[in-house]
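What follows is a single structure, written as structure tokens, with notes after it.
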Amino acid sequence: MLTENAKLESFVLDIIDRIRKGQQIEDSRVELKSNLIEPYKAARRIAGHANAASGQNIVWIFGLSEDGGIIGIENSDIQDWFSKVKTLFDEVYPEFSELIISIDGKSILAIQFITSRAPYVLKNPNYGKEGSGHIEKEIPFREGTSIRSARRSDLLKILTKQSRSIEFEMIDSYLYLTHGGGEKYNWNIHFDLYAFLTFNSQVPLTIPFHRINLQISDKNGNIIISNGWNITGDIEKDTNISGGKTEFLLFGPSKIKQNATIATNQIAINYINEINMIITYEPFIYELNRTIKLQYSLVKEIDEKQYKFTNVLGRWILKK
């Protein structure tokens with residue numbers, strides 16, 4: 001299974017290839033910008049795009065234009081720009097992942113936004129100032145390529161789409177690092193997750209384990225471990241769930257237990273205090289795709305008597 005970064009890079013490279021061939025980019029999920037735009041204008045367009053996306057991920061690509069091809073952007077400006085953009089959202093902003101792609105010696109920035117928490121509300125930075133009007137907040141909505149304030153019918157569409165959703169209430173989760181115990185691999189990483197899952201759908205929900213993607217990253221978002229996980233599951237006696245070996249089949253709210261292991265020779269993570277686990281579930285109902293980002297803290301003291309593994313080098317607990 002491709003990692004999320006690999007999928008995003010492949011998607012962007014396909015867009016670039018189409019531009020070079022002189023093809024029009026007619027994809028409502030994509031926004032092309034030649035450079036970083038003013039933060040409030042960007043926030044309003046991102047919010048409007050996300051609110052109109054019907055729960056699908058959207059992709060913004062900077063340093064690229066349909067007219068001028070590859071322009072490139074300066075990497076040093078990105079973090080400061082996006083920190084300003086985020087402050088303009090009220091309460092929540094679309095979760096995102098970013099990727100820098102080098103093309104012909106120029107940097108292209110791709111940002112993929114997860115829109116599952118729509119509607120997104122924008123704050124008016126000039127609210128309360130003389131001559132700036134009395135509108136404190138707005139729910140932007142994209143129509144075609146323009147942005148306007150959402151109408152009642154737009155909000156109903158957003159909320160109706162949310163009625164087909166999947167939610168995870170985290171109970172507990174752990175990560176362990178152990179010795180590989182063999183000549184081929186130096187380390188094993190073990191992942192345990194306990195959660196209560198609820199979903200809204202008219203049909204049972206099937207989550208095949210081969211359609212679950214796991215990634216470990218550091219707190220800066222750098223991917224450490226991705227492909228190669230052996231994923232299993234376990235279920236309690238519950239009339240709402242069956243399976244557990246290769247898939248979960250859910251008929252209603254259920255408690256699930258997810259386990260995964262990976263053997264690796266990549267850099268040991270036992271010195272990293274904070275790590276992230278990014279979990280992407282892709283059930284057979286596309287609208288219910290869900291990406292979860294969990295944060296873990298390193299436990300300093302290790303007492304192997306507490307654990308089900310031996311040769312434990314590191315243990316991380318879920319930050320709640």
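The values are calculated or read from the model by the stated rules, or taken from the named source; none is laboratory data. Predicted, not measured: the structure shown is a model, and the values here were computed from it. Note that each Cβ is placed from the backbone with ideal geometry, even for glycine, and that neighbours are counted across all protein chains shown.
Which one of these is in the same structural domain as Ile15 (by TED's automatic domain parsing), aliphatic (A, V, I, L, M) and in contact (Cβ under 8 Å) with a residue 60 or more places away in the chain: Ile103, Ile78?
So the residue among Ile103, Ile78 that is in the same structural domain as Ile15 (by TED's automatic domain parsing), aliphatic (A, V, I, L, M) and in contact (Cβ under 8 Å) with a residue 60 or more places away in the chain is Ile103.
If you scan segment 140-161, which residues turn out to be buried (at least 16 other Cβ atoms within 10 Å of the Cβ) and either in a strand (DSSP E or B) or modelled with pLDDT under 85 (or both)?
Pro140, Phe141, Arg142, Ile147, Lys157, Ile158, Lys161
For segment 62-84, enumerate the residues that are among the aliphatic types (A, V, I, L, M) and crowded, with 21+ Cβ neighbours inside 10 Å.
Leu64
Against the condition closer than 24 Å to Glu282 by Cα, modelled with pLDDT under 85 and basic (Lys, Arg), how does Lys21 come out, does it pass?
no
Where residues in segment 175-200 are aromatic (Phe, Trp, Tyr) and more than 20 Å from the chain's Cα centre (by Cα), which of them is modelled with the highest pLDDT?
Tyr176
With respect to Gly128, is the statement that it is in a loop (DSSP other than H, G, I, E, B) and free of Cβ contacts under 8 Å to residues at least 24 places away in the same chain true?
So Gly128 fits the description; yes.
From the list Lys219, Lys237, which one is loosely packed, with under 14 Cβ neighbours inside 10 Å and touching a residue at least 40 places away in the same chain (Cβ under 8 Å)?
Only one candidate qualifies: Lys219.
Per-residue answers, yes or no, for (1) hydrophobic (A, V, I, L, M, F, W, C); (2) over 18 Å from Leu294 (Cα atoms); (3) in contact with a Ser or Thr (Cβ under 8 Å, 6 or more places away or on another chain):
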{"residue": "Ile216", "(1), (2), (3)": "yes, no, yes"}
{"residue": "Asn220", "(1), (2), (3)": "no, no, no"}
{"residue": "Ile224", "(1), (2), (3)": "yes, no, yes"}
{"residue": "Trp229", "(1), (2), (3)": "yes, no, yes"}
{"residue": "Thr232", "(1), (2), (3)": "no, yes, no"}
{"residue": "Asn240", "(1), (2), (3)": "no, yes, yes"}
{"residue": "Lys245", "(1), (2), (3)": "no, yes, yes"}
{"residue": "Phe251", "(1), (2), (3)": "yes, yes, yes"}
{"residue": "Asn259", "(1), (2), (3)": "no, no, yes"}
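Within segment 88-103, can you find the residues that are among the polar types (S, T, N, Q) and surrounded by 13 or more Cβ atoms within 10 Å (Cβ to Cβ)?
Ser97
Taking the condition within 29 Å of Gly221 (Cα to Cα), at pLDDT 90 or above, surrounded by fewer than 19 Cβ atoms within 10 Å (Cβ to Cβ) and not β-branched (Val, Ile, Thr), does Lys137 pass?
no
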